[in-house]
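The values are calculated or read from the model by the stated rules, or taken from the named source; none is laboratory data. If you're wondering where the values come from, they're calculated on a predicted model, not measured in any experiment. Backbone-built Cβ (ideal geometry, glycine too); neighbour counts: all protein chains shown.
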Amino acid sequence: MTDKIKLGISACLLGEQVRYDGGHKWDRFLTETLGKYVEFVPVCPEVECGLGVPREAMRLVGDPEHPRLVTVRSGIDHTERMLQWARTRVAELEKEGLCGFIFKSGSPSSGMERVKVYGPTGMPAKTGVGLFARAFMEHFPLLPVEDEGRLHDPALRENFIEAIFTLERWREMLAQNGGRHALVDFHTRHKLLLRAHSLEHLRQLGKLVAEAVHLPVPELCDRYQHLLLEALRRKTTARKNTDVLYHLMGYFKGNLSHDEKQELRDLIDLYRRGLLPLIVPVTLINHYVRKYDEPYLKGQWYLNPHPLELQLRNHV
Ligand code: SF4
């Protein structure tokens, strides 16, 4: 890829001292590891909508679907101020070409799920969404989003990062104006990656690509992007990856000895049972791809979806 991936992020996760108490929530993995490949676009809704640092802490109260953003001690309602600012800010963010957003978990402004909402009894239910996070997700409904808490889960982390790298490749393809030919090539190289997310979406995308010559390019790209983003939201699982690995193994039917096939089958099975990480069978398959010079597989992003340095498949 030529450019760094642009990713929105809650500013406090970068170490910016924007929290209500003047502190931050610096996340080392995001800044020091993922940050090598990503250009972050920081957003602090509470500071940007005009509340200072330090400020009184806030929480969500009332109807979980339409909560109010209210200060904890003095009960000042900042809902309208926040909603008005959020509408303008999400429109501005369109120009940034973001491939996703990482939210701060639990925040009444930035939390993307399970934010506490206080009802009349004063007891909180973890059913809310922060006001800015909701505005963002409504404006960009299919864009990959996660919060830093969920990103500690290796499987969710791998899924999210794979999605943003794939979206960046898609955007680069569009920027190069390659038309139908480039789209078909993109699809061909992502077939196995898509299969690991959703066989159903792979079929629908295949059908769309087969009709490509009959569709105007802008309509083709719009429809493809919609299905692509939907597919990437379906999480990969050990079962889906196992299916892809066996499918890959099929390409070497004529090349591998009986023992080599058995060894690969054993590794795939150990992965399926959670006894080995995905990187192990993938590394052996990559070795066979190089050894037998298999051109179709050499082009498959599934085998190298993101930089090895991120070690994402060492833990799933
Ligand atoms: S959670 Fe959101 S509103 Fe709160 S400090 Fe972080 S970026 Fe700002």
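Against the conditions (1) within 30 Å of TRP26 (Cα to Cα); (2) in contact with a Ser or Thr (Cβ under 9 Å, 6 or more places away or on another chain), LEU167 satisfies every one except (2).
Before we move on, is LEU51 more than 8 Å from the ligand (Cβ to nearest atom) and either within 25 Å of GLU172 (Cβ to Cβ) or free of Cβ contacts under 8 Å to residues at least 24 places away in the same chain (or both)?
No: the conditions fail for LEU51.
So, in region 106-116, of the ones that are surrounded by fewer than 22 Cβ atoms within 10 Å (Cβ to Cβ) and touching a residue at least 24 places away in the same chain (Cβ under 8 Å), which residue ends up nearest to the ligand (Cβ to nearest atom)? Applying the filter and picking the extreme gives GLY106. When we screen ALA133, ALA210, ALA155 for residues that are over 24 Å from TYR251 (Cβ atoms), surrounded by fewer than 21 Cβ atoms within 10 Å (Cβ to Cβ), among the hydrophobic types (A, V, I, L, M, F, W, C) and at pLDDT 95 or above, the only hit is ALA155. Would you confirm whether any residue within region 126-135 is within 14 Å of the ligand (Cβ to nearest atom), in a loop (DSSP other than H, G, I, E, B) and touching a helix residue (DSSP H, G or I) at 6+ places or on another chain (Cβ under 6 Å)? No, region 126-135 contains no residue that is within 14 Å of the ligand (Cβ to nearest atom), in a loop (DSSP other than H, G, I, E, B) and touching a helix residue (DSSP H, G or I) at 6+ places or on another chain (Cβ under 6 Å). Among the residues of region 82-105, those identified as more than 30 Å from ALA175 (Cα to Cα), touching a residue at least 40 places away in the same chain (Cβ under 8 Å) and either more than 14 Å from the ligand (Cβ to nearest atom) or not aromatic (Phe, Trp, Tyr) (or both) are MET82, LEU83, LYS104, SER105. Selection within region 82-105: residues that are of a type in the set (Lys, Arg) and crowded, with 16+ Cβ neighbours inside 10 Å. The member of this set that is farthest from ARG55 (Cα to Cα) is ARG89. Looking across region 1-37 at every residue that is without any contact (Cβ under 8 Å) to a residue 60 or more places away in the chain and in contact with a strand residue (DSSP E or B) (Cβ under 6 Å, 6 or more places away or on another chain), the one that is nearest to the ligand (Cβ to nearest atom) is identified as ALA11.
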